[in-house]
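Inspection log for the structure reproduced underneath, given as C-alpha cells.
The values are calculated or read from the model by the stated rules, or taken from the named source; none is laboratory data. Only a predicted model underlies this, so the values are computations on that prediction, with no experimental measurement involved. With ideal geometry, Cβ positions are generated from the backbone for all residues, glycine too; neighbour counts draw on all protein chains shown. For the accessible areas, the whole protein counts, side chains as well, though only heavy atoms, and no ligand, DNA or RNA atoms are used. Shrake-Rupley method; radii C 1.70, N 1.55, O 1.52, S 1.80 Å.
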Amino acid sequence: MPLITLPGVYAPQDDTALLADALHREPLVPGAQVLDIGTGTGALALAAARRGGEVTAVDISRRAVLAARLNARLARLPVRVLRGSLFGPVAGRRFDLILTNPPYVPAPEAVLPRRGSARAWDAGHDGRLVLDRICREAPRLLAPGGVLLLVHSALSGTEPTLRMLREAGLDAVAVEHRCVPFGPVLRSRQGWLHGQGLVAPDEEKEELVVIRAERSV
C-alpha cells in the first residue's frame, strides 16, 4: 500500500528498506512489544504491526506523527503514534524489539536542526549526536532477550556504535550492509565531507549498515 508522505516528512529510502529486511528476518511473536523511534511515515511500524507486534511509534515532527497515524488508519493497523524526542514519551516501559532509523548524516552545523526536513537526517559534524543518545538510552528500554535494530551510514562510524552498545551489556553485531549511491544531501556537501576526511574526492557511494544488539535473558 502506498504511504502518505507529507511535506518535510522523511520518505522511505534505502536505509528504510535495509532495516525492513532485517526486521523481516527477526523472530517476532504475536503481541511482542515493539518501539519504532523516528517513525517518519510509519513504514517500519506498520511492517512490525503486520507481523502481530503491539507497536508504539515516536517522532519529534508533528507532520510525521500525522502521516504515521494516517497511514496506520488506512492500513487498518493498531499502531500507537506519539510525538516526542526519542525515548521521552515511553520512559519506564520495556520493549521486545526497538527499531530506529535516526538522523545520522554528518553536517556542517554542530547542533541538531530545530525545524525543517533536515531534522530527519542532519546529526552534527560526525553524524553521531542522535546515534550516541540511542546507544546510551535504548539498552535500558529492552526487556530481557530484547533486540535493538538500528540503521545508519558507515560515514557515522560503525565501530563506535558497536562499542557503545557492547559497553552497555548488549551483544551487538552488524547484520546488514548495502552500498548505495549518494543522495542529494550527500552530493550537495561532498566537498565538505572530503574536507572532514570522511570521503574520497571521487567517492559516490556510502555504505549503510544495520546493527543488531540483543540484551541477554
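A cut-off under 11 angstrom between Cβ atoms defines the neighbours of TYR104, and their net charge, with Lys, Arg +1 and Asp, Glu -1, is -4. By the helix-only formula, in which each DSSP H run with n ≥ 4 contributes -39500 (n - 2.57) and the sum is divided by residues, the chain has a 222 nm mean residue ellipticity of -8500 deg cm²/dmol. I'd like the orientation of helix 62-75 relative to the chain: the angle between its Cα long axis and the longest Cα principal axis, in ° from 0 to 90, rounded to 10. Taking the Cα atoms of the chain, the angle to 62-75 is about 50 degrees.
Protection proxy ranking for 41-48, 113-120, 197-204, using the average of other Cβ atoms within 10 Å per residue and placing the highest first: 41-48, 113-120, 197-204. Averaging Cα coordinates gives a centre for region 114-128 and one for region 151-217; these two points are 15 Å apart.
Stokes-Einstein diffusion of region 1-66 at 25 °C, 0.890 mPa s viscosity, Kirkwood radius from Cα pairs, rounded to a whole number: 201 µm²/s. Full extension of the chain segment joining VAL175 with ASP14 gains 56.4 nm, where the gain is 0.36 nm per residue of separation less the Cα-Cα distance. Computed over the alpha-carbon pairs of region 39-99, the distance histogram in 10 Å steps reads 26, 57, 18, 0 percent, short to long.
Compute the accessible area per residue over the chain, keeping the other protein chains in place, probe 1.4 Å, unit Å². With the other protein chains kept in place, the chain gives 48 Å² per residue.
With a ≥ b ≥ c the root eigenvalues of the C-alpha gyration tensor of region 44-156, is it rounded (a/c under 1.5), prolate (a/b larger than b/c) or oblate? Taking the square roots of the gyration eigenvalues as a ≥ b ≥ c, region 44-156 is oblate.
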